[in-house]
Amino acid sequence: CSSPQQWLWHAAVWPQVRQPTAHCPSPPASPLAEHLRSSLSDRMDLIIQKAKPKLQDIDDISQLDVQLKIQDLINQMQHTLGQPFPLQITEKLCMLQELFLIVTATRC
């Protein structure tokens, strides 16, 4: 700042400019060099490879569960519509149920 006017301007404006950024998180002090050298897509691929879901007891779905849930879905949808489904929709729902039954039968 060479002149008193410039100094006063900087003194008045700088706090206003700095205020919105005061709450921004600062970058880490020493980021990992590998992190900065690898592309975002490479890092995403690593994250996806490491993200393996763990099987839980609640994940165990029986064929009876599938049949009951599909029937419940059909009943709710028919109640909402107030009429029976067209044949094409009934066929698709039966196909969906068969696919779920195949998956439940082939799970280890």
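Values computed for the structure shown
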quantity	calculated
The range 38-88: number of residues that are in contact (Cβ under 8 Å) with a residue 24 or more places away in the chain and among the small types (Gly, Ala, Ser)	1
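Here's the yes/no breakdown for (1) surrounded by 10 or more Cβ atoms within 10 Å (Cβ to Cβ); (2) in a helix (DSSP H, G or I); (3) modelled with pLDDT under 80:
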{"position": "Lys54", "(1), (2), (3)": "no, no, yes"}
{"position": "Ile58", "(1), (2), (3)": "no, yes, yes"}
{"position": "Met77", "(1), (2), (3)": "yes, yes, no"}
{"position": "Thr80", "(1), (2), (3)": "no, yes, no"}
{"position": "Glu91", "(1), (2), (3)": "yes, yes, no"}
{"position": "Leu96", "(1), (2), (3)": "yes, yes, no"}
{"position": "Thr104", "(1), (2), (3)": "yes, yes, no"}
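The values are calculated or read from the model by the stated rules, or taken from the named source; none is laboratory data. Because the structure is a prediction, the values reported are computed rather than measured. FYI the Cβ positions are ideal-geometry reconstructions off the backbone, even for glycines, and counts take in every protein chain you see.
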